[in-house]
1. Report, in whole Å, the centroid distance computed from the Cα atoms of the range 74-149 and the range 26-43.
2. Can you tell me the relative contact order of the range 436-595? Whole percent, Cα pairs under 8 Å, sequence separation 6 or more.
3. Taking the Cα atoms only, what angle lies between the long axis of helix 345-357 and the longest principal axis of the chain, rounded to 10 degrees?
4. How would the range 541-602 be classified by its alpha-carbon gyration tensor: rounded, prolate or oblate, with rounded meaning a/c under 1.5 and the a/b versus b/c comparison settling the rest?
5. Going by alpha carbons, how many degrees (0 to 90, nearest 10) lie between the helix axis of 281-294 and the longest principal axis of the chain?
6. Count the net charge of all other residues whose Cβ sits under 13 Å from the Cβ of residue 348, scoring Lys and Arg as +1 and Asp and Glu as -1.
7. Using the crude model of +1 on Lys and Arg Cβ and -1 on Asp and Glu Cβ, and no other charge, please compute the dipole size for the range 64-116 relative to its Cα centre, in debye to 20.
8. Can you tell me the order of 267-279, 426-438, 380-392 when each peptide is scored by its average per-residue count of other Cβ atoms within 10 angstrom, highest first?
Amino acid sequence: MGGLYWFDVATAVTEVKRDKLANSVGIVQTQTVRLFDRPGDELRLECGRTLAPVDVAYETYGTLNAERTNAVLICHALTGDAHVAGWHSETDRKPGWWDIMVGPGKGIDTHRYFVICSNVLGGCRGTTGPSCINPATGRPWGLDFPVITIEDMVKVQKRLVEHLGIRRLLCVTGGSMGGMQVLEWTVRYPEAVASAIPIATTARLNAQSIAFDAVGRSAILADPNYANGQYHQGPSPDRGLAIARMVGHITYLSEQGMHEKFGRQLRNADTYKYDFTSEFSVETYLDHQGRIFVERFDANSYLYITKAVDYYDLGAQRGSVEAAFKNVQARFLVISFSSDWLFTSPQSRQIVDALLANDKDVSYSEVNSRYGHDAFLLEPEVLGRLIGGFLARVEGRPVLQDSQDLHPYRQKPDVESAWRRRRIDYERIEDLIARGSRVLDLGCGRGILLSLLQQRKQVDGLGVEVVQADLCECIDRGLRVLDLDIETELGSFATGAYDYVILAHTLQTLTRPDRVLREMLRVGRQGIVSFPNFAYWRSRWQMAVGRAPVTETLPYRWYNTPNRHFLSIADFEDFCRDNGIRISRRLPLIEGHRGAIHLLPNLRASEAIFVISNHG
């Protein structure tokens, strides 16, 4: 029995190891390279000092192709390191910090890409930093280490990439502070970056974020064990560093997430103790985060890196963020999270707006998440799909290439089957668009029309969509798409920026369609609007017998319709006349007829397309 027991245990352990390594890059090693080590070749820092040599700890995954064109650089956040994915040993409790995103078949697929990540300059996980030995003194640098910046970190990364024999990166990506490095890469080395994915980041910290960093640094500096930064021969300033981590960790969470996880629950107690020990679950959680943090991080590195984050201002020396992006060559996918209150979605949209002002290739998604700033580490499904689809587009191989599919509701079972037929307005809109024109599609849905126009008319197209699943499908189709509210955020687009602005079967869903129509005619030379005709004879008949209409173009039931307004062809014509809008073409349509309906169109047409513009 004993032998059989141990055989079963060994088998179970083997199975656990196999499960651990499945869908993973497996066992990996951190490598170290010495850079800036030749006479006269020193790293010139933004503070005015020089540093040499510089040791850099890094890891790589996947295989660099013969052309050296498939390299993806990942930039880590404040307390990260080079260990992105896989395991250092079979006994490790956790894999790399972004293992959910990097590996075979994942968002950053190591079967396709050669992935690189290095510990930042000033770090404490193998790259030269304040805990390393100062060659001039033989002691740890401590506060004698020069103040470093995000720019300095990127300079070191560039030298590492060159050391690996790579001239141009397919993509640079990273979250939080890593996103700042991504932005700096694109403006400092525009020719070296094909695409960029900055996640949950900002072009510069606001006062609130700087304040949180300042509190953390103050906690470290006030620790009696700090010893002016030379604590390596004695007790470490663990209490100060733990408090800094606790303060920082609060900013990584969200109110909703903290409420769901902790609420006001007490830890292992039913009543208050009436003392000052940690009682609430959220208190003990933060205590735990502080304790485990001091085991892996250095207090001086925390000071230096947070200061680098505070100093970073993409536009400060370049005139503005908009001016900074003037010469970038990379395609961008900017990602933010709805509950992130550290680096908010409006801060990401400032980056997007600056790129749009320079007419750069940019897509944007605000991912709905309850995880706050840490969501970039905890939302693998949505993030993986966005990143994977975007990288496929950069390579010129969209995940979806079925633009012939004109069935926008085929995956929505709550919609009447009668609407699961060809979108006749799409076919007619295609006829109205000039080849090679600039097109903005508002409420572009799954991107079917825009994909059709790009393939058949070679348009320069951009979509706007707020439904997350539809936006992901647009990315999969290789489209540029922005997660913007068309009722409030069209101000991001310059006047006259597009030849055509399309509003296809979206007008009736808007709260204030009049305002959106005015904005679309500001942004585009012409507007193309399609909508279901509520005065269609089938709708009239159903109303006459006391039923809410359900037709080919009004497929929803009364209880699940997204429609707010029920207009007719005549109503829209009256609106245009009253608001000084010129109608250059009118196409009343009905299923089964190729051409427009001319006889009694307000009665016989199920939908209509109008081409409109401002008078004059």
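1. Using only Cα atoms, the two centres lie 13 Å from each other.
2. RCO, the range 436-595: 18 percent.
3. Tilt of helix 345-357: around 70 degrees.
4. Because a/c hits 1.5 or more and a/b fails to exceed b/c, the range 541-602 counts as oblate.
5. Tilt relative to the chain: about 60 degrees.
6. Local net charge: -3.
7. 80
8. 380-392, 426-438, 267-279
Throughout, read-outs are computed from the coordinates displayed, never taken from laboratory work. Just so it is clear, the model here is predicted, and its values are computed rather than measured. As a convention, Cβ positions derive from the backbone with ideal geometry for all residues, glycine included, and neighbour counts pool all protein chains shown.
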